[in-house]
Structures are given as C-alpha cells and as structure tokens.
Amino acid sequence: MRRAARVFGYELDGPVAVVIRDGVVERVVPERDLTAGLDLPELDAGGRAVIPGFVDAHTHLVFAGDRADEFAARLAGRPYEAGGIWRTVEQTRAASFDDLVAQTVRRADSCLAGGTTTIEVKSGYGLDTATERRLLEAVAVAAPRTAAELVPTFLGAHLAPDPSYVDLVVEEMLPACAGLAVSCDAFCDVGALTVEQSRRVLEAGRAHGLALRIHAEELAWTGGAQLAAQLGCLSADHLVHATPADAAAMSGAGVVAVLLPSTSFCLRSDYAPARMLLDAGVEIALATDCNPGTSYTTSMPFVVALACSAYGLSADEAVRAATEGGARALGRSDVGHLRPGAAGDLVVLDGDHWVDLAYHPGMPLVAAVVKAGAVVVGR
Ligand code: NIG
Ligand code: FE
C-alpha cells in the first residue's frame, strides 16, 4: 500500500508505504525508503490516512428477526428490560439454519464495509442446548463466506429463565458447545444472571478451556466487574455503572474494559465512565454490541465518533481502543495494529486523518479495506 498521508501508530511524514507480504505486515516506511522492485500488488492510498482494521470485540451477530417495535416504544418512553431477549430467542429458534448463516454473513459483510476485519460473535439467542449449538455452527459455516474473521463466543448464559437453567448450561450446554467457541460469556445483571450464577458458568467455561468475558454493570451495578477481576476474565463489557473500586480491581487483574457507546445511545442511558477507567490504568476497547435489542449497528466508525463525543476520548484514544484495545479484549496480539509481524488488515480512510471519523460523523469514510494483504472492500 503506497502513498498514505499517515499510518496509525507511526510518526512518519507522508507519503508512507505499508509493505505486506504473505498477508503479514513486513514494514511501514516513508515512500522514499522503498527500494524498487518489491514485486507485490499495489494499492494507492492517494494521500489518505490508514488505520488498522477495526477489531469489534463484542457482537451478537447471529440472530433472526428484529425488535423495531420495541425500539419505537422506547423512543416513546418505555424502559429497556433484558427480558426482550426472549422475543429474539423465539424468532431465532424458528429460523432455518441456512437463514441464520445467510444473515450472519450479511451482517459480517456490513461490519467489513465499515472497516471491521475481526469480529467477535456471541451465541445467546438459543437458550437451549440444540439452538445454542446451532448458532455456533452457523458462525462456523458463515466464517469462510465473509472476508472478516469471526471469533465465536458461547453465551448460553444470556438469561437464567429458571433456577435450574445454570445447571443446564454447566452440565449440558457447555459440553455440547465449548468445542465451537473460543470464549465463554455471561450476562451478569438485573433480570439476567446473578454474580454467583455467572461465577458458576464462567468457572465451568474455564474448565472447558475457554477464555472468559462478562457483561457487567450495564443496567445496574451488581458486582460483575469485580468477579471478572477475581476470575481473570479477558474482558468485562458495558460497565455503565462501574465504580473506581471496579476500575482498580480490573486494572490490577489486567481485565480489558469493552465499552459500547452505541448501546447507551440506542437505550438513551448513561455512558460508561471511560475517562475514569483510563485514569485507573484500565485498557479500554470499543465495540458495537450489534444486537437486535439494544444496539442494532455494525458501524465501528459510528462507535468511534460517539466515543469521542460522549466519552470525551481523543481521536487517537478512540482509534486505539477500536483496534488494539479490541485485540487485547480478544487476547490477540496479531491484529489491531500495523507493527511488523501483524496481520495485513487495514482501512484506507476517505480523509487524510482519522480525526475525520469523529469530525464527519455518519459520513462514509471507508475508502478501502484490506484483509491479510488482499483488498476486500473498495479498490
Ligand atoms: O449486550 N446485555 C446483554 N445482551 C445484549 C442485549 C440483548 C437484547 O436485548 O437482545 C447487550 O446489550
Ligand atoms: Fe452484549
């Protein structure tokens, strides 16, 4: 890739070249330092800015149906309740496997069009063993049909509809699903799982070799963030109601805070205390939370713009959180940055600086997307 105005993570005056060989970043250098005859296909960035591909570390992409009526009711003042998840469960159970695969591919391609090259995808709209497994199988079948990488998470603990449900998750669902997932999540909140229920699920997930993550302090403070620190979760997500004590615990344990400003936007709720978390030394990630109930968007540029405006992040902080922060939340060091050895995943923006993501909110700013060195969006 030639002629970038600037490349995120580098202090180089343009024009800058990113050399990607065999899908991996070899070096990022001022154009003038390039020797002739690299014998590689070239993409001309045309004096525009380049950032790493976004790493969206929190989505619920695999589902059927929508809840537009519920969203409209919220605009009229009705509060959000986690129980709405059941409506999507019913629509998802009724969908065919092929339909679930097709919808997942379509949404992943929509993420990709917005510059996202790595996407975490949670199950969680099945809530019985057969359907939870079917959702993770749908993700596996969808994965080779999109250029974005899909990283599956088991979220059978998205609700706890009855007292024996956690037994079912631990004794039946996890053994059936763990082989199809990389991590295990639990929705720890009012109307969903308690801290003790979440602990049981996550400890069982760990026994199956899964990395751990948790939805915590979204609708109310319940103690999930400190559970994440105790268990050594990779991430605690949402954190709208996180306290300084939560931040200290997370920082000490190296738990990444996955912040989801579009969820606050769509719920018209408070925003997570991003600056407090950063000041406490917590690594933050930005993600879409794409789901039909609380944040029906695939757009990381929108999330970055919101994070600048609502959290008060600088453009550099927001882009870092949306790329390397997301990679950290997934326990990955090969994506989310463009240092030598990283995957050749990048976005050419339609502007000469990434501050445009926040400066021109809602405008189409993705000119091209490169995944593992191949142009997959634009040209
Ligand atoms: O991340 N918080 C839990 N799950 C989703 C909401 C799911 C739904 O309402 O369908 C979320 O916001
Ligand atoms: Fe979520």
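So that you can scan it fast, the table gives a plain yes or no per residue for (1) more than 17 Å from Ala102 (Cβ to Cβ); (2) surrounded by fewer than 24 Cβ atoms within 10 Å (Cβ to Cβ); (3) away from ligand 1 (no atom under 16 Å from the Cβ); (4) not hydrophobic (A, V, I, L, M, F, W, C):
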| residue | (1), (2), (3), (4) |
| --- | --- |
| Ala138 | no, no, yes, no |
| Val141 | no, yes, yes, no |
| Thr146 | no, yes, yes, yes |
| Phe154 | yes, no, no, no |
| Val166 | yes, yes, yes, no |
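Matching residues to (1) away from ligand 2 (no atom under 16 Å from the Cβ); (2) farther than 19 Å from Tyr311 by Cα; (3) modelled with pLDDT of 95 or more:
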position	(1), (2), (3)
Gly209	yes, yes, yes
Ala216	no, no, yes
Gln226	yes, yes, yes
Ala229	yes, yes, yes
Ala242	no, no, yes
Asp246	yes, no, yes
Ala249	yes, yes, yes
Leu286	no, no, yes
Asn291	no, yes, yes
Please go through region 271-298 and give me each residue that is under 15 Å from the mean Cα position of the chain (by Cα) and of a type in the set (D, E, K, R), ordered by number. Glu283, Asp289
Which one of the conditions (1) away from ligand 2 (no atom under 14 Å from the Cβ); (2) in contact with a strand residue (DSSP E or B) (Cβ under 7 Å, 6 or more places away or on another chain); (3) assigned to a helix (DSSP H, G or I); (4) open to solvent by less than 10 Å² (accessible area, probe 1.4 Å) does Val282 fail to meet, given that it meets all the rest? (3)
In the list Thr104, Thr116, which residue meets the criterion of being polar (S, T, N, Q), surrounded by 23 or more Cβ atoms within 10 Å (Cβ to Cβ) and farther than 20 Å from Val89 by Cβ? Thr116
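Conditions tested, residue by residue: (1) within 16 Å of ligand 2 (Cβ to nearest atom); (2) over 30 Å from Val304 (Cβ atoms); (3) under 17 Å from the mean Cα position of the chain (by Cα).
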site: Tyr80; (1), (2), (3): yes, no, no
site: Gly83; (1), (2), (3): yes, yes, no
site: Thr88; (1), (2), (3): yes, no, no
site: Gly126; (1), (2), (3): yes, yes, no
site: Arg134; (1), (2), (3): no, yes, no
If you take the residues of region 285-301 that are open to solvent by 10 Å² or more (accessible area, probe 1.4 Å) and closer than 17 Å to Gly325 by Cα, which of them is farthest from ligand 1 (Cβ to nearest atom)? Pro301
If a residue has to be assigned to a strand (DSSP E or B), among the hydrophobic types (A, V, I, L, M, F, W, C) and closer than 17 Å to Val258 by Cβ to count, how many in region 178-215 make the cut? 7
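The values are calculated or read from the model by the stated rules, or taken from the named source; none is laboratory data. All values reported here derive from a predicted model rather than from experimental measurement. FYI the Cβ positions are ideal-geometry reconstructions off the backbone, even for glycines, and counts take in every protein chain you see. Please note that ligands, DNA and RNA were not included when accessible areas were found on the heavy atoms of the full protein model with its side chains. Shrake-Rupley method; radii C 1.70, N 1.55, O 1.52, S 1.80 Å.
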